[in-house]
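Read the structure below first, then the notes.
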Amino acid sequence: MAMPVRAMSTLAWRNLWRNYRRTLIMLLAITVGVWAMIFMTALLRGMVDNMVRTGISALPGHVQIHATAYRDDPSVTHSMPPPSKPLLDLLNDRQVLAWTGRIKVPAMISSEQDSRGVTLLGIDPRGEVALGFDSADIIEGRFLDGVDDRGIVIGKKLVQRLETRLGKRVVVMSQDPDNTIADRGFRVVGVFEADLESREESIVYAGREVIQSMLGVGTDISEIAILGHDYREPEALAASVRNIVPADQEVLSWLKLDPYLSTMMQVMDGFVLVWMVVIFLALSFGLVNTLMMAVFERVREIGLMRALGMRPSAIIYQVLVESLMLLVLGLLAGNILAIGTIVWLKDGIDVSAVSEGLEMMGASSIMYPVLQYPDLLLANSVVIVLGIITSLLPAWRAAQYRPVEALSST
Amino acid sequence: MSAIICTDLCKYYQQGDAVIKGLDHVSLEIEEGSFICLSGPSGSGKTTLLNAIGGLDSLDSGEISIDGERVDLLGKAALADLRLHSIGFVFQAYNLIPVLSARENVEFVMQVQGISAAERKQRSSKILKEVGLEGMEDRRPAQLSGGQQQRVAVARAIVSQPKLVLADEPTANLDSKSMESLMAQFRALNHSHKVTFLIATHDQRVMEWADRRISMEDGRVISDELQQAVR
């Protein structure tokens, strides 16, 4: 016989509101739980997203090409020639958003007061901006004008460390391919600010041709950084590039270049699921208790329905539908509340009070919640699937009552 | 042809060290279209017998057949189907579903049976009018008096025209007028549709309506007599 779906659903809905106070409390619990699942996941996603983006902008790019030995010994001796014609064709293809070639070597920068070890970047400023350098980060002076700009741009923190300032001269020393000291004086033409203080302290920008000349490497470069469309899927782009470059060059995505960040992204997916299940487990006690109470209060009615000809499966169905209605209402409210909170906080949450701790993890002091639809789907699925599974116990109990005993209960 | 055949029914309950005999070797044959009263003091086994015939309670031994089908051998789902399609119950405590209106309570069994909404409405309106509840169709049980609730329960039991109605003290909470009205409806249905009625009662006035009177005591049938119904 077919399940009397409509009759059971009507009963389930009305039973839900028999004890409206209990139902409202449970609804509130589900709503807060779902809100916590979605909103906190969005915050965590936002934090990891921020860490990854910050990490990538420090590289920067989604894919990089180096001479094979460069990563073990990032000196000028492991340079490579500028891109070949086939590579240029690919780099100017639609799958590449932007690219740039740069010199990147360890160096020593000195002012009159102090010296610091830094990473010297000889860059094409237009390429860097295209890749993600924000000119708004220049808080004093200007960014470099071109590859032949003779000035240097250093970070705010480094300015403090070197006790120098805009317009002052600094000396940069590195090694040329013959391992002899190559040095040059630069005037500080710009000071930049970064999300991470460590970046302000460790990176300096100079014109690429000026550095190539200083190091005596002709037109050679240390790396080519490439920006694709989706930082989460860099491997396809890396594979395309890998097919073109010569064997003495290696092509790596940021996932390989920064295993800390890529591992964090993977761990995050597992963590989100665990987080949601843990919240649901807390919720499930309330849900089971609510349904158990609802069943215990209606033992006589359940006996009556059995006596009138309801199969045990129909009783199970009715309790499950009641649970489903409760869950769906809670999900609806929780989703609206969570999405509303995320939209409301779209400009970010200032957590500068704990920014030093966050910086150790590579995150900035502003947290932006990032809502990903798979997370939304996961949260809703976890609540529905585990909710129904949890409700099976009270539903099964209800179906096990013997009509004659249930009818005689008070 | 016998509608119900009960053979050597036994049902015992353990109460401390004592064994209570709910049914003690009860055998009965009930013809289709009978109108029977079960009488006897409390604890004589009337309700146990009704519950056993309706498949609400299990037996320790014995056989029950309804229209040739062994009720005592049926599983839970098959018993549910039998009750849904063939048996109407009227309980002493009205046992209405409190969240449903009078009409919805009456229509509930038909809804589970899969009868169309239009037919349900037509049948429920007719039966509620017959039991004197016209105009009260949308009231919930809490808004009805005891007698009115019992009439809703009766309407629910007979609206889908079952072959057998099992009524356990159906008039216990009714005044004389309501009792007369209820028994008249039972009798009318019995005559018009050959519905078999098995009514457990203490009430002498109810017994006068029956064609056959079975008396029970300590789980046994002590007398089984045909009588001329006075009503």
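For the stretch B:76-108, the candidate set comprises residues that are in contact (Cβ under 8 Å) with a residue 60 or more places away in the chain and under 19 Å from B:His193 (Cα atoms); within that set, the residue that is farthest from the chain's Cα centre (by Cα) is B:His85. Only a single criterion out of (1) away from chain A (no Cβ under 14 Å); (2) at pLDDT below 90 is not satisfied by B:His25, namely (2). Quick check: is even one residue across the stretch B:215-228 outside any loop (DSSP other than H, G, I, E, B) and under 16 Å from the mean Cα position of the chain (by Cα)? Checked the stretch B:215-228: no residue is outside any loop (DSSP other than H, G, I, E, B) and under 16 Å from the mean Cα position of the chain (by Cα).
Of all the criteria given as (1) surrounded by fewer than 21 Cβ atoms within 10 Å (Cβ to Cβ); (2) away from chain B (no Cβ under 14 Å); (3) more than 30 Å from the chain's Cα centre (by Cα), the one not satisfied by A:Trp17 is (2). Based on this model, can you work out whether B:Lys11 counts as part of a strand (DSSP E or B), surrounded by 15 or more Cβ atoms within 10 Å (Cβ to Cβ) and within 14 Å of chain A (Cβ to nearest Cβ)? Yes; evaluated as a whole, the condition is true for this residue. Taking the stretch A:6-24 as the range and being part of a helix (DSSP H, G or I) and in contact (Cβ under 8 Å) with a residue 24 or more places away in the chain as the test, the residues that pass are A:Met8, A:Ser9, A:Leu11, A:Ala12, A:Trp13, A:Asn15, A:Leu16, A:Arg22, A:Thr23. The residues of the stretch A:294-325 that are over 42 Å from the mean Cα position of the chain (by Cα) and away from every other protein chain (no Cβ under 14 Å), listed by number, are A:Val295, A:Phe296.
Would you say A:Met26 is over 17 Å from the mean Cα position of the chain (by Cα) and either more than 14 Å from every other protein chain (Cβ to nearest Cβ) or under 30 Å from A:Ala314 (Cα atoms) (or both)? Considered against the rule, which asks whether it is over 17 Å from the mean Cα position of the chain (by Cα) and either more than 14 Å from every other protein chain (Cβ to nearest Cβ) or under 30 Å from A:Ala314 (Cα atoms) (or both), A:Met26 comes out as yes.
For residues in the stretch B:30-52 being assigned to a loop (DSSP other than H, G, I, E, B) and more than 14 Å from chain A (Cβ to nearest Cβ), which is nearest to B:Ile20 (Cα to Cα)? Among them, the one singled out is B:Ser44. When the residues of the stretch A:218-249 are filtered to those that are of a type in the set (D, E, K, R) and farther than 24 Å from A:Pro125 by Cα, which remaining residue is surrounded by the fewest Cβ atoms within 10 Å (Cβ to Cβ)? Taking the candidates together, the pick is A:Asp248. A:Phe39 meets each of the listed conditions (1) outside the structural domain of A:Leu332 (by TED's automatic domain parsing); (2) in a helix (DSSP H, G or I) apart from (1).
Considering the stretch B:132-170, the residues that are of a type in the set (S, T, N, Q) and more than 11 Å from chain A (Cβ to nearest Cβ) include one that is farthest from the chain's Cα centre (by Cα), namely B:Gln143.
Of all the residues in the stretch B:130-148, those that are at pLDDT below 90 and in a helix (DSSP H, G or I) number 4.
To keep it simple, each residue is scored yes or no on (1) crowded, with 20+ Cβ neighbours inside 10 Å; (2) acidic (Asp, Glu); (3) at the interface with chain A (Cβ under 10 Å from one of its Cβ atoms).
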{"position": "B:Gly54", "(1), (2), (3)": "yes, no, yes"}
{"position": "B:Asp60", "(1), (2), (3)": "no, yes, no"}
{"position": "B:Asp67", "(1), (2), (3)": "no, yes, no"}
{"position": "B:Ala77", "(1), (2), (3)": "no, no, yes"}
{"position": "B:Phe91", "(1), (2), (3)": "yes, no, yes"}
{"position": "B:Met110", "(1), (2), (3)": "yes, no, yes"}
{"position": "B:Gly114", "(1), (2), (3)": "no, no, yes"}
{"position": "B:Lys129", "(1), (2), (3)": "no, no, no"}
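Of all residues in the stretch A:273-312, those being of a type outside the set (A, V, I, L, M, F, W, C) and closer than 17 Å to B:Arg83 by Cβ number 7. Sub-8 Å Cβ pairs linking a first residue in the stretch B:109-131 that is over 15 Å from B:Ala155 (Cβ atoms) and free of Cβ contacts under 8 Å to residues at least 40 places away in the same chain to a second residue that is basic (Lys, Arg) and surrounded by fewer than 16 Cβ atoms within 10 Å (Cβ to Cβ), at least 6 apart or interchain, number zero.
If you go through the stretch A:187-212 and keep only what is of a type outside the set (A, V, I, L, M), touching a Gly at 6+ places or on another chain (Cβ under 7 Å) and either in a loop (DSSP other than H, G, I, E, B) or touching a residue at least 40 places away in the same chain (Cβ under 8 Å) (or both), you end up with A:Gly190, A:Phe192, A:Arg199, A:Glu200, A:Glu201, A:Gly207, A:Arg208, A:Gln212.
The values are calculated or read from the model by the stated rules, or taken from the named source; none is laboratory data. On a predicted model such as this, the values are computed, not experimentally measured, just so you know. Methodologically, a virtual Cβ is constructed for each residue, glycine included, from the backbone with ideal geometry; neighbour enumeration extends over all protein chains shown.
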